[in-house]
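Here's the structure, in structure tokens; my notes come after.
The values are calculated or read from the model by the stated rules, or taken from the named source; none is laboratory data. Owing to the predicted nature of the structure, the values given are computational and were not obtained by experimental measurement. All Cβ positions, even for glycine, are placed from backbone atoms using ideal geometry, and neighbour counts span all protein chains on display. For the accessible areas, the whole protein counts, side chains as well, though only heavy atoms, and no ligand, DNA or RNA atoms are used. Shrake-Rupley method; radii C 1.70, N 1.55, O 1.52, S 1.80 Å.
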Amino acid sequence: MDSHVPNHVCTIKQHQTNALTLIYRDGNDKLQKSERTFQFAGKRITLQQNWADMGVAAVVWDAAISLCEYLEGNTQLVKEKKLLELGAGTGLVGIVVALLGAKTIDITERQFVLRSIKRNVKNNLPLDVSTKVFVKELDWGKNYQHFQPIYDVILGADVIYDVDTFPLLLQTIHHLVKSKTILLLANRIRYERDTNFFNQLKSFYKVTLVHYDKTRDVRVYVVKIKQYK
């Protein structure tokens, strides 16, 4: 590896390589657009995308849209709850959760993506709502100890795609999902490895399919500690 290339740039390039397959498989040219607009919680949300510079972390994947729609129809999971979003990307899900009445929402990503998320939050949330939003660095398997397991709901949209990150993601989930915490995962199942990850989750947690968005081929799962129903 070239010692003059910053580590975060190498990481971006690796994620770009891994995610190119997703683009071609999904046939989704919307990922290449510099800007996308959505309507959630009665508000128009415009997000900047930057695939060229930040790869997979700076675009809106279909699973994020499906998860937002699910939460919009199940606001009891959000209102007055403490939430955390894993691998937030552009921050769409976290922004929608804030608009739906979350008590607090920690929007987490790797360090090099945070500036982009903060810009999207600032551009789309009124001040009284944005004060409930905290954009924080969370690099799976590395600095998760900085986060106390105090959340009612943890969210993840299309965070299961790169097999190299699976052990780190699972380690982070083990730390954060305690007691009656609900983990909501929205994902398109593209490969056998994705199914294998969910099977691994089932070894530790109760995993329930609660919604299937057949238009986008996205499944939403509720994950809980097994002794809690």
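For segment 149-188, the set of residues classified as open to solvent by 50 Å² or more (accessible area, probe 1.4 Å) and either of a type in the set (Val, Ile, Thr) or in a helix (DSSP H, G or I) (or both) consists of ILE150, VAL163, ASP164, PRO167, LEU168, GLN171, HIS174, listed by residue number. For segment 150-172, a tally of residues being in contact (Cβ under 8 Å) with a residue 60 or more places away in the chain, within 23 Å of VAL60 (Cα to Cα) and among the β-branched types (Val, Ile, Thr) returns 4. Applying the set (1) in a loop (DSSP other than H, G, I, E, B); (2) crowded, with 17+ Cβ neighbours inside 10 Å to LYS142 leaves exactly one unmet item: (2).
Matching residues to (1) at pLDDT 95 or above; (2) on the phi > 0 side of the Ramachandran plot:
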residue	(1), (2)
SER130	yes, no
GLY141	no, yes
ASP162	no, no
GLN171	yes, no
TYR191	no, no
LEU209	yes, no
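Note on segment 30-137: enclosed strands (runs of 3 or more DSSP E) holding 1 or more residues that are free of Cβ contacts under 8 Å to residues at least 24 places away in the same chain and open to solvent by 10 Å² or more (accessible area, probe 1.4 Å) are 35-40, 43-48.
In the set TYR221, TYR212, only one residue is free of Cβ contacts under 8 Å to residues at least 12 places away in the same chain and part of a strand (DSSP E or B); that residue is TYR212.
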